[in-house]
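Asks: The structure under discussion is supplied below as structure tokens; questions concerning it will follow.
The values are calculated or read from the model by the stated rules, or taken from the named source; none is laboratory data. A quick note: this is a predicted structure, and the numbers were derived from the prediction, not measured. Cβ atoms come from the backbone with ideal geometry, glycine included; neighbour counts cover every protein chain shown. These accessible areas exclude ligands, DNA and RNA; they are computed on the full protein's heavy atoms, side chains included. Shrake-Rupley method; radii C 1.70, N 1.55, O 1.52, S 1.80 Å.
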Amino acid sequence: MSDAGPLTGRLVLVAGATSTSGQAVARALVAAGASVIAVGTRADALEALAASVPGVATRTCDLADLGAVTALASDVRASSGRVDGLVHLVGGWRGGGGLIGQSDEDWDFFDRAFRTLRNTTRVFNDDLLASPAGRMAFVSSTAVDAPTAGAANYAAAKAASDAWVRAVAQGFRKAGSPAAATVFVVGALAGLEDRLGDEVVRLWDADPADVNGARIPLQPA
């Protein structure tokens with residue numbers, strides 16, 4: 001870990017950390033000096049992440065279970081202190097078949113991802129409010145602004161998550177906190193994972209007023 005990076009002394013929790021994007025974000029945060037706690041549901045994938053990104057601490061947790069997230073927060077606070085950052089990367093894509101093909105099974109998949117966002121932001125909200133540099137980041141989609149029938153479930157769930165994060169931002173603003181919640185917007189995240197990691201790190205260099213509630217397009221350099 002760097003001894004003098006922009007995130008030195010900051011504790012950041014990455015939810016859904018075992019994806020390719022989660023690994024890239026964790027690597028960028030560690031390189032910038034942060035202490036990182038990577039959270040996922042699969043112990044084997046977390047072990048692989050820890051081996052790939054030395055210095056990352058890992059926790060298994062079902063983030064769709066509010067009680068489990070509450071217990072996770074208690075464990076993190078007892079072992080490492082309050083978090084200064086929450087990067088939410090739980091998600092995935094399902095679609096196709098036009099409007100009639102938008103199945104309840106697929107909706108349940110997206111609804112579960114939305115619950116993980118609601119749970120983590122509510123449980124860690126006080127930590128972020130109290131931090132002198134609290135940051136929360138979420139990855140949304142261009143489908144929110146240009147939904148299609150074949151991806152209606154996905155677009156609707158992303159729109160709900162997008163609105164939720166901007167509501168978190170309003171809460172930070174109302175409390176007079178220096179915390180900021182930001183939405184990164186992508187057409188497709190594949191190939192942009194390292195760019196996402198860099199942009200997440202830059203949130204700590206930004207004026208919170210500039211990034212709180214912002215929807216920032218993420219495009220290839």
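Asks: Taking residue 82, is it in a strand (DSSP E or B), more than 26 Å from residue 191 (Cα to Cα), modelled with pLDDT of 95 or more and open to solvent by 40 Å² or more (accessible area, probe 1.4 Å)?
Replies: So residue 82 fails the test.
Asks: A further question follows. Which residues, taken from region 189-214, are farther than 26 Å from residue 9 by Cβ and open to solvent by less than 80 Å² (accessible area, probe 1.4 Å)?
Replies: Within region 189-214, 189, 191, 192 qualify.
Yes/no per residue for (1) on the phi > 0 side of the Ramachandran plot; (2) touching a strand residue (DSSP E or B) at 6+ places or on another chain (Cβ under 8 Å); (3) not aliphatic (A, V, I, L, M):
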| position | (1), (2), (3) |
| --- | --- |
| 146 | no, no, no |
| 162 | no, yes, yes |
| 168 | no, yes, no |
| 198 | no, no, yes |
| 206 | no, yes, no |
| 211 | no, yes, no |
| 217 | no, yes, yes |
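Asks: Something else about it: Can you give me the number of residues within region 146-174 that are of a type in the set (D, E, K, R) and farther than 13 Å from residue 184 by Cα?
Replies: 2
Asks: Report, by residue number, each residue of region 86-109 that is in contact (Cβ under 8 Å) with a residue 24 or more places away in the chain, open to solvent by less than 70 Å² (accessible area, probe 1.4 Å) and under 23 Å from residue 24 (Cβ atoms).
Replies: Passing the criteria: 86, 87, 88, 89, 90, 91.
Asks: Restricting the search to region 117-154, which residues are under 14 Å from the mean Cα position of the chain (by Cα) and aromatic (Phe, Trp, Tyr)?
Replies: 124, 138, listed by residue number.
Asks: Check 198, 207, 194 and return the single one that is more than 18 Å from residue 93 (Cβ to Cβ) and either more than 15 Å from the chain's Cα centre (by Cα) or free of Cβ contacts under 8 Å to residues at least 12 places away in the same chain (or both).
Replies: When all the criteria are applied, what remains is 207.
Asks: Can you tell me which residues in region 17-62 are more than 18 Å from residue 204 (Cα to Cα), hydrophobic (A, V, I, L, M, F, W, C) and open to solvent by 10 Å² or more (accessible area, probe 1.4 Å)?
Replies: 43, 45, 48, 50, 51, 56, 57, 61 - these are the residues of region 17-62 that are more than 18 Å from residue 204 (Cα to Cα), hydrophobic (A, V, I, L, M, F, W, C) and open to solvent by 10 Å² or more (accessible area, probe 1.4 Å).
Asks: Still on this model: Looking at region 170-213, which of its residues are assigned to a loop (DSSP other than H, G, I, E, B) and among the hydroxyl-bearing types (Ser, Thr, Tyr)?
Replies: 177
Asks: Among the residues of region 1-16, write down those that are open to solvent by less than 30 Å² (accessible area, probe 1.4 Å) and either free of Cβ contacts under 8 Å to residues at least 60 places away in the same chain or under 16 Å from the mean Cα position of the chain (by Cα) (or both).
Replies: Selection gives 5, 11, 12, 13, 14, 15, 16.
Asks: Determine which single condition residue 56 fails, assuming it passes every other condition in (1) within 18 Å of residue 131 (Cβ to Cβ); (2) in contact with a Leu (Cβ under 7 Å, 6 or more places away or on another chain).
Replies: Result: residue 56 passes all but (1).
Asks: Which of the residues that make up region 161-177 are buried (at least 16 other Cβ atoms within 10 Å of the Cβ) and of a type in the set (A, V, I, L, M, F, W, C)?
Replies: Those that are buried (at least 16 other Cβ atoms within 10 Å of the Cβ) and of a type in the set (A, V, I, L, M, F, W, C): 164, 165, 168, 169, 172.
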